[in-house]
Structure formats: C-alpha cells, structure tokens
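So the structure is just underneath, and the comments pick up after that.
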Amino acid sequence: MMREKLTAIFQKSPYGYIGYIEELPGANTQGKTIEEARSNLIEAVHLVLDANRRLFEEEHRDVEVIKEEFGAITV
C-alpha cells in the first residue's frame, strides 16, 4: 500500500491564517482561524487534483494512453 505524506504549512497573517501544501504547488488557501484554513486546504488539494486531471484530459484528447490506479492519499 502506498502512503504518501503531505506537509501542510500555516502562516499567521493580519487576516487570519494562510495555508499551503509544501509538496503540491497551487494547493493554498486562507482562513480566519487555523481550523478554517485547514478545512479550506483539504478542499484546495481536491480542487488542484481535479484541475490537473482536466488539464491532462484536454492535452491528451487525441493521444492513446494507458491509465491505471497508482495509489491513494487519504486525509
């Protein structure tokens, strides 16, 4: 079983907290509390992965590819 660890980074800002995933560029968010930022960050990860899937589909529309499940990351 594949287990990949992602690192959430949180920084205090004048408006609350900024959060991002160290290993996943583009997965970032903010929240008034660290709990809100953490919850929003989970959603941001899902959105980045979904956007990457859609980009791949668009870029490889006319290309024959082999897709297979590689692993899962659970939050």
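For this structure, a couple of remarks:
- Neighbour cut-off at most 12 other Cβ (10 Å), DSSP loop, trypsin sites (Lys or Arg not before Pro), the chain: Arg3, Lys5, Lys32, Arg61, Lys67
- Once the Cα-Cα distance is subtracted from the 0.36 nm per residue extended length, the Ile9 to Glu22 segment shows a gain of 4.0 nm.
- Within the chain, helix-based [θ] at 222 nm, where runs of 4 or more DSSP H residues each add -39,500 (n - 2.57), nearest 500: -12500 deg cm²/dmol
- Between region 15-45 and region 53-75, the Cα center-to-center distance that results, in Å: 25 Å
- The loop-placed chymotrypsin sites (Phe, Trp or Tyr not before Pro) in region 1-46, going by DSSP, that have at most 11 neighbouring Cβ atoms within 10 Å of their Cβ come out as Tyr15.
- Structure-derived Cα extents along the principal axes in Å - corresponding label in (1) 32, 27, 20; (2) 49, 29, 15; (3) 54, 33, 13: (2)
- In terms of other Cβ atoms within 10 Å, Phe70, Phe56 run from fewest to most in the order Phe70, Phe56.
- Cross-link reach is defined here as a Cα-Cα straight distance under 26 Å, omitting same-chain residues fewer than 8 places apart; for Lys67 the lysines meeting it are Lys5.
- Helix 34-59 and the longest principal axis of the Cα set of the chain meet at an angle near 20°.
- Look at Asp62, Asp50 and count the other Cβ atoms within 10 Å of each Cβ; fewest to most, that gives Asp62, Asp50.
Values quoted throughout were computed directly from the atomic coordinates according to the rules given, and no laboratory measurement underlies them. Bear in mind that the values here come from a model prediction, so they are computed numbers and not experimental data. A quick note on method: Cβ atoms are made from the backbone with ideal geometry, for glycine too, and the neighbour counts reach across all protein chains shown.
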